[in-house]
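Structure first, then comments.
Just so you know, all these numbers are worked out from the coordinates, no wet-lab data involved. Keep in mind that this is a model prediction, so the values were computed, not measured. Backbone-built Cβ (ideal geometry, glycine too); neighbour counts: all protein chains shown.
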Amino acid sequence: MRFPSPPTAGRAPSRTRPTPIEALNSSALGRKIVIDSAEILRRQATTLPTLGIFENCRSTAGLCPYNVVLTTSPDGRVILAALEDGNAFLYSDALHTFTSPDGAFLFKYSDLLVHCIGSKNQAGLWEPVDSCESYFPVCDDPGTQGNNTLVCFAYPRDKFEDAPTFEAATFSVADISESTTERDCLSGSPDWTVDPRGSGGIETINGVKFKVFEVGGAGMSQSLDGHVYRSFHGNKCYELSIRMATASSGAFDPGTINEFTKEDENEVQGRLKQALNSFSFLK
């Protein structure tokens, strides 16, 4: 496991037993303690930039502004923090934080979502396939030249395994290397099928303006609906996307399947928009 700071800087709370209060008492240890988010499959940990409204820094030594005592719930999913000024807060990992490897951006995502990883054996394939692939690509944007998907999270397909019209849905962040100017970036892709009714507007996400495009595709009783958000930031063209792939109910014998309802769609979209709405540039 690769940590951004020496492991001795703090001890991660255990998920199998509560952490003794004194184990995370920065005053007792006399050194800085931070909380890292660990991705076991990638063998990588990222220091959380903040804990809600609080800085991720616990020490009376050095630059940290306060001393704090931490203790966890029995399952390790909730941490109680008591600050020396009398304030207290709960930190829950129900929402995880993804920080890009280059430290350029972060967003928060539900622990329900699946982290899609590019296959080492087949270019353009995202795994796990059952949640990250469909007839129409949902992690990549094949209609855009120079598209480089930096990260992709999917709603788990097995949550609607009895509704086969739902195929896949993702939130992704991409770097469009071919768009080297703001004008090119905000013009979108000429290969998209754009719905003008939902395109051309500007949406502000955490202080940054993004141009919105509503894109889609259809064929072989399959369809793709997507909302793409583009911003030219730090001399790079960033593309945030929410894409959902579905199959036509007419492709199945009447009465043999459960419908993917509007309520189901709202649940999926809500989880993905949670990640979109928390997106923030760090530099």
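Highest first, please rank the peptides 101-111, 159-169 by the mean number of other Cβ atoms sitting within 10 Å of their residues.
Top to bottom by mean Cβ count within 10 Å: 159-169, 101-111.
Centre-to-centre separation between the Cα atoms of the range 251-283 and those of the range 86-142: 15 Å.
Here the range 133-246 is treated with +1 on each Lys and Arg Cβ and -1 on each Asp and Glu Cβ, and its dipole about the Cα centre works out to around 380 debye.
When only Cα pairs below 8 angstrom with a gap of at least 6 residues are kept, the range 149-196 shows a relative contact order of 36 percent. The local environment of Asp175, defined by Cβ-Cβ distances under 12 Å, has a net charge of -2 under the rule Lys, Arg +1 and Asp, Glu -1. Dipole of the range 192-261 computed with +1 at Lys/Arg Cβ and -1 at Asp/Glu Cβ about the Cα centre; of Asn206, Thr193, Gly255, farthest Cα towards the positive end is Asn206.
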